[in-house]
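The values are calculated or read from the model by the stated rules, or taken from the named source; none is laboratory data. Here the structure is a predicted model, which means the values were calculated and not measured. Note that we place each Cβ from the backbone using ideal geometry, even for glycine, and neighbour counts take in every protein chain shown.
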Amino acid sequence: MNKLIELKGISKSYDGETVLNHIDLDIHDHEFVTLLGPSGCGKTTTLRIIGGFVTPDEGDVIFDGARINDLPPYKRHVNTVFQKYALFPHLNVYENIAFALRLARLPEAEISRRVKEMLELVALSGFERKNVNLLSGGQQQRVAIARALINKPRVLLLDEPLGALDLKLRKDMQNELKKIQTQTGITFIYVTHDQEEALSMSDTVVVMQNGVIQQIGSPTDIYNEPINAFVADFIGESNILEGVMLEDKLVSISGQTFTCLDGGFEKNQPVDVVVRPEDVDVVKPEEGMLRGTVSSVTFKGVHYEIIVDIGGFKWMIQTTDYVAPDAQIGLYIEPDAIHVMNKSEFSGQFGDYSSFSDEMDDISNPDATEEE
Amino acid sequence: MKILSRVYMALIFLFLYAPLIIMVLFSFNEANSLSNFTGFSLKWYEELFQSEEVLDVLYNTLILALLSSLIATVIGTAAAVGIEKMRTRWLKSTVNTISNMPMMNPDIVTGISMALLFAFAMKLFNMESIFGFWTVLIAHVTFNLPYVILSVVPKIRQMDRYLPEAALDLGCTPLQSFFKVELPAILPGVLSGFVMAITLSLDDFVISYFNTDGDFQTLPIYIFGMTKRTVTPDIYSLSTLLFAGVLLMLILSNLLQSHAEKKEQQRANAMRRQARRKTEGGRK
Amino acid sequence: MVIQKEKMNKKRSFLRTAAAYPHMVWSALFIVAPLIFVLYYALTTEDANGNFQFSWSNITALAGENYLPVFFRSICFAIVATAICLLLAYPLAYFLSKCKVSSQRMLIMLVMLPMWMNLLIRTYSWMNILETNGLINNLLTTLGLPNAKLLGNGAAVVLGMVYNFLPYMIMPIYTVMSKIDPRYLEAAADLGCNGRQTMLRVVFPLSVSGIISGITMVFVPSVSTFYISQKMGNGRFEMIGDTIERQFMSNYDYHMGATLSLVLMVLIIICLAVMNRFGEEDGGVLV
C-alpha cells in the first residue's frame, strides 16, 4: 500500500492556544483510519486540515506526493461527510447528491445514472424527490455519504458522522459504513470520540490528546499494548497501577511480585501497569495472588462488574460469576494479562475506580459531542 | 475582494449618513441658511427653548409616547401571555393576524382607517370635534401593540414551561405565579417592547397626522408644518434633539438586552463548568 | 382528585387566555372596525343632507383619468426604487455577514440608526443637498461648473425612496445570510464550488426568503408614501399617497379617500400574496 496522505510536522494554534503540536501522520491507500480522542484533542482540526478548511501554521500536507497546503477545498480529491451532515436545505435528495456533478456540467443522463447508483449504494432508492429536511437522521446521514462519494474522491473524510444518531442506528450505520468502504476501496479518515466505534471499524487507530498523537496502531495493538496511561484509560476499562520493574518479566505491584511478558526496562524502573478488568480471574481468597473485599457489584447483562478494594486501591473486575458485596475474594492474574508501560505525562492522572459511577459517564456525554 | 467590500460598505454608509451629518452640522449654523455654513452657534437651540409653542409640542410628544407605550405594554404583555396559551388554533392565528395588521398595512392606511372610525363616531354622537390627544393616543397604542407582543412572545417561548407549574406546586395562586415568577422571566422582553414602543411613538408622523386636529401637535407634525413654510435651521436643531432622544432610548434598550444576554451567558457558562468539573472528578 | 385537578387546569388556562381579552377587544375596536369603515366609506357617498348612500361611483371613478395614471406612476416608482434597493443591499448584506462577528452588531446598528431620524427630516435634508442653492450646486459653482437641476424630477423621488427604505432591504437579507450555516459553504467548497459558484448555487438560494421579505418591506412604504414624492418631486409626481392625503386634508372627500386606501390595501395584499407564493416555491424543493 502506498502513502496517499502525509502530514509532516503540522502545528496549528488559535488565539495562542495550541490545538495541534507537530503532528506526523501517514495515511495509506484503501485504509480505514480513525482519529480518536476526547473533545478538544485536535482530531477535527486534523481532519479539516486534510479537507482544506484550515491552513496549518507549520508543516506540510502532502497528497499523492504533492504539497497541497494552499490548495482550496474545491480543488482537492477529498470529500467530507460533515458533522450533522450540512445537507443543502434548498435542494432535494437527488439534487444534493447530484450537486458536484452539476458543477462539473456532466450530461443529464450520466448524472441521473450516477445518482441512482449512489442511492442504491446507500440503500435510499426511491427517495430522489424527498425534501432533505424531512428525512430521519439516519437517512440524512446516507444522503451525506452519497453526496460526498459521487465525485469518486480518493479520500473520504468523516467528522463524527454518527454522533447525532441513537445507539441502535449507530451500530447499523457502523456496519454499513465499513461495507461501503470495502466496496468502494476509498480511503476513509474517520473522526470520533467513541472508542468502541474506532475499534470495531478501523484498520488503523490514531489516538490523540492535547494536540499530540499518542499512539498509532491496529485496534488490537491499541487495546492490548497501550503506550501510556492515557491510551489505556481512554480505550476500554483498565486498572492502572503504579509498579516497579524488578527485572525483565518480573514486576512488583501493590507489594506483590508478578510474572509478566514485558522486558527491556531498566532495573527497578518505576512503571505504569495496566490490567484489563476482563483479564482478572476471581478465585477463593486463599488461592489468589491478591486478596481484597468486594465493595460493589453491578449486573451488566453479559457479566457482573465488581469493584474490589485491595489495600486501598479499587480494582474493577468483570466476571461472569456472582460475588456477594463485602465478600473476601482472591484475584488471579495470568502473566499475559499484565501490560507494563513507561511512565508518561499522564501517569497518576488516572487513578482507581473509587469514585467511579455510571452517572459520571452520562454527564460527560453531552459535553463530548460538541467538538472543538 | 476585501478592499472592494470595504470601499462598498463605506460608500453605502456615506450615503446613509450624509443627510444626518448635514442636519446636525447645520443645526449649529450661525447664519439663517441651510446651505452655507458660516460659523458655529447655539442660537437655534436657544431660540427653540424660548419658543413656548415648541416646548408645548415637546411636552405633548413625550406624554403621548410614555402613555401610549405604557398602555400598549400592559395590554400587549397580557395579550402575549394569553395568545401563547390559546389552544384553539384558528383563534390563535386569527388574533395574531389581526394584531399584526398595523405592522403590515402601510401607515397611511392604518391612519386613515382610524380617522374614518373617529369621523363616524363624531357624526354619530353629533360631536363638534373628536380629534385631538385622545384619538392620537388610541392610534399610537394600536400601532405599538404588535411590536410589544412581538418582543414578549419569544421570551415566553424561551421560558422553562415548568416554571409556572413549579410556582403553583409551591403554593402560588395563578396570579401570584405570574407576577412573582413569570413576569421576572419575561421582563427583558417586556422592557425592550416598551422602549421600542416609545421610539416608534416619538417617530410617528403619518398616523398622528390623520388623527389629530390643528390644536394637538406632536413634534413630527410640527416639523411637517415647518417644512411647508420657509425653513430655518431651528427645524434641524429640533430634529437633532429628537434624534438624540431616540438614540438614547435605543442605547438603553441595547444595554438592557446585552445585560440580560450576559447574565444568561454567565449562567450557561457556570453550568458547563460545573458539568465539566464533575466529569473530570469522575475518576480521581 | 384527578377530576378536580383537571378542573383546576381548565380554570387556569381559561384565566390565561382571558389575559388576551383586552387586546382582542382593542383589536376589534381599533383595527377591525376601522378597516370595515374603510370599506363602508368606499361604498357610500354623502348626499346634501349628510346622509350616507350606497354607491359604486367611487369605485368606478378609480378607472377614470384622475386616478389611473396615479396608480400606474406609484407602482412604477415603487418597483424601480425596490429594484435599486435590492441591487444596493444584497452585496452590502453579504459583506456585512462576512465581517467579524464582534463588529457585525455595531455595523447593523449603524445601518438601522438613520431609520430613527424622522423621515420628514431625512427627506428634507436631501432637498437641502440637491436644491438649486443646495450643497451640491454650491460645490459645483465653487468648482466653476454649471449648476444642475437635481430636484423635482423622477430620479430625485426614487432617490428619496431608496434612501429612506434601504435599511428595510438590508436587514432581512443580512439576517438570513448571517444565519447560513458556514458548513454549507464548506460543503459547497468540498464538492467543488469555487467562490462564484458557491455564491450562485448555495448563498443565493438560501437567501431568497430574505430577499422576498426585503422586497415587500420596501415596496409597501414606497408605493404608499406621500411626503417623499411631494418634496423630492416638487409636487410634479402625484402618487397614491398624495392623492389620499389631498382627499382627506384639503378636499374633505373621505369617501374617495377611503376608496383609494382600499385600493392601496388590495394592491398590497396582492403583492404579499404573490411574494409569499414565490417564496414558498423557492423555499421548497427546487427541481
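Brief remarks on what is shown
- Residue match in the stretch B:54-62 (condition: touching a Pro at 6+ places or on another chain (Cβ under 9 Å) and buried (at least 22 other Cβ atoms within 10 Å of the Cβ)): yes
- Answer residue from the stretch C:75-117, given it is among the polar types (S, T, N, Q) and surrounded by fewer than 17 Cβ atoms within 10 Å (Cβ to Cβ) and is nearest to residue C:159 (Cα to Cα) among those: C:104
- Which listed residue, of A:191, A:206, A:143, is more than 30 Å from residue A:273 (Cβ to Cβ), touching a residue at least 12 places away in the same chain (Cβ under 8 Å), assigned by TED's automatic domain parsing to the domain that holds residue A:47 and in a strand (DSSP E or B): A:191
- Among the residues of the stretch A:194-203, the one identified as closer than 25 Å to residue A:9 by Cβ and in a helix (DSSP H, G or I) is A:198.
For (1) outside the structural domain of residue B:114 (by TED's automatic domain parsing); (2) farther than 30 Å from residue B:44 by Cα; (3) more than 14 Å from the chain's Cα centre (by Cα), each residue gets a yes or a no:
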{"site": "B:187", "(1), (2), (3)": "no, yes, yes"}
{"site": "B:193", "(1), (2), (3)": "no, yes, no"}
{"site": "B:207", "(1), (2), (3)": "no, no, yes"}
{"site": "B:212", "(1), (2), (3)": "no, no, yes"}
{"site": "B:222", "(1), (2), (3)": "no, no, yes"}
{"site": "B:229", "(1), (2), (3)": "no, no, yes"}
{"site": "B:236", "(1), (2), (3)": "no, no, yes"}
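- Filter result (farther than 30 Å from residue B:104 by Cα, without any contact (Cβ under 8 Å) to a residue 24 or more places away in the chain and at the interface with chain C (Cβ under 8 Å from one of its Cβ atoms)) within the stretch B:207-237: B:235
- Test: residue B:17 is outside the structural domain of residue B:156 (by TED's automatic domain parsing) and under 25 Å from the mean Cα position of the chain (by Cα): yes
- When A:65, A:59 are checked against the criterion of being farther than 16 Å from residue A:160 by Cα, over 24 Å from the mean Cα position of the chain (by Cα) and without any contact (Cβ under 8 Å) to a residue 12 or more places away in the chain, A:65 stands alone in meeting it.
- Residue in the stretch B:72-80 that is more than 9 Å from chain C (Cβ to nearest Cβ) and out of contact with any Leu (no Cβ under 9 Å at 6 or more places or on another chain) present: no
- Test: residue in the stretch A:170-186 that is of a type in the set (Lys, Arg) and at pLDDT below 90: yes
- Among strands (runs of 3 or more DSSP E) entirely within the stretch A:214-284, having at least 3 residues that are closer than 27 Å to residue A:322 by Cβ singles out A:239-247, A:280-283.
- Wholly within the stretch C:67-185, helices (runs of 4 or more DSSP H) carrying at least 1 residues that are touching a Leu at 6+ places or on another chain (Cβ under 7 Å) and closer than 30 Å to residue A:90 by Cβ: C:68-98, C:101-112, C:154-179
- Cβ-Cβ under 8 Å pairs, at least 6 apart or on other chains, the stretch A:261-273 side modelled with pLDDT of 85 or more, far side among the small types (Gly, Ala, Ser) and in a loop (DSSP other than H, G, I, E, B): A:272/A:344; A:272/A:347
- Within the set C:209, C:222, C:229, the sole residue that is part of a helix (DSSP H, G or I), within 30 Å of residue A:73 (Cα to Cα) and touching a residue at least 60 places away in the same chain (Cβ under 8 Å) turns out to be C:209.
- Candidates B:164, B:102, filtered to the one that is more than 24 Å from residue C:265 (Cα to Cα) and either assigned to a helix (DSSP H, G or I) or touching a helix residue (DSSP H, G or I) at 6+ places or on another chain (Cβ under 9 Å) (or both): B:164
- Set A:148, A:86: member being in the same structural domain as residue A:181 (by TED's automatic domain parsing), in contact with a Leu (Cβ under 7 Å, 6 or more places away or on another chain) and within 21 Å of residue A:191 (Cβ to Cβ): A:148
- Number of the condition not met by residue A:71 [criteria: (1) facing chain C (nearest Cβ under 9 Å); (2) of a type outside the set (Lys, Arg); (3) surrounded by fewer than 22 Cβ atoms within 10 Å (Cβ to Cβ)]: (1)
- Tally of residues being more than 10 Å from every other protein chain (Cβ to nearest Cβ), assigned to a helix (DSSP H, G or I) and at pLDDT below 90 across the stretch B:105-138: 2
For (1) β-branched (Val, Ile, Thr); (2) more than 18 Å from residue B:5 (Cα to Cα); (3) without any contact (Cβ under 8 Å) to a residue 40 or more places away in the chain; (4) touching a Gly at 6+ places or on another chain (Cβ under 6 Å), each residue gets a yes or a no:
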| residue | (1), (2), (3), (4) |
| --- | --- |
| C:74 | no, yes, no, no |
| C:93 | no, no, no, no |
| C:114 | no, yes, no, no |
| C:124 | no, yes, no, no |
| C:131 | no, yes, yes, no |
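- Looking at A:22, A:77, just one residue is surrounded by 15 or more Cβ atoms within 10 Å (Cβ to Cβ) and assigned by TED's automatic domain parsing to the domain that holds residue A:209, and that residue is A:22.
- Checking each residue in the stretch A:121-138 for being more than 25 Å from residue A:106 (Cβ to Cβ) and without any contact (Cβ under 8 Å) to a residue 24 or more places away in the chain picks out A:134, A:136.
- Screening residue A:90 against (1) touching a residue at least 24 places away in the same chain (Cβ under 8 Å); (2) crowded, with 21+ Cβ neighbours inside 10 Å; (3) facing chain C (nearest Cβ under 9 Å) leaves a single unmet condition, (1).
- Enumeration of residues in the stretch A:39-56 that are in contact with a helix residue (DSSP H, G or I) (Cβ under 8 Å, 6 or more places away or on another chain) and under 18 Å from residue A:161 (Cβ atoms): A:39, A:51, A:53
- Residue A:99 vs. criteria touching a Phe, Trp or Tyr at 6+ places or on another chain (Cβ under 9 Å), of a type in the set (Phe, Trp, Tyr) and away from every other protein chain (no Cβ under 11 Å): no
- There is at least one residue in the stretch C:153-171 that is more than 23 Å from residue C:110 (Cα to Cα), crowded, with 21+ Cβ neighbours inside 10 Å and more than 9 Å from every other protein chain (Cβ to nearest Cβ).
- Hey, residue B:45 touching a helix residue (DSSP H, G or I) at 6+ places or on another chain (Cβ under 8 Å), in contact (Cβ under 8 Å) with a residue 12 or more places away in the chain and among the hydroxyl-bearing types (Ser, Thr, Tyr) or not: yes
- Where residue B:104 falls short, out of the listed (1) touching a residue at least 12 places away in the same chain (Cβ under 8 Å); (2) closer than 30 Å to residue C:254 by Cα; (3) surrounded by fewer than 22 Cβ atoms within 10 Å (Cβ to Cβ): (1)
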